[in-house]
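Heads up, the thing below is written out as structure tokens.
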Amino acid sequence: MFVQRFLAGETKVALAQEFQLSSPILIKTWAGQYRSDGEEGLRPKPKAARKHLPGPRSPRRHCTKG
């Protein structure tokens, strides 16, 4: 696991390149989650369902030739 490798002393830049991550900051973020919550902190969390709130619709504009 790359978080454990980071905590063991490997650089986040080298690990991000090896695992083709978009940013080394991800390693730092995940390491913090791992430190506070263990492996459970790295598991995906269910996303809350969005409520669809009815609202005013914008009027449709029709093109007219003038």
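Read-outs throughout are calculated quantities, based only on the coordinates presented, and are distinct from any laboratory measurement. Treat the numbers as computed from the prediction; the structure is a model and nothing was measured.
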Derived scalar couplings ³J(HN,Hα) [region 36-48; Karplus, 6.51 cos²θ - 1.76 cosθ + 1.60; whole Hz; x for Gly, Pro]: 7, 10, x, 4, 4, x, 9, 6, x, 9, x, 8, 6
Under the rule rounded for a/c under 1.5, else prolate if a/b exceeds b/c, else oblate, using alpha carbon gyration tensor axes a ≥ b ≥ c, region 1-44 is classed as prolate
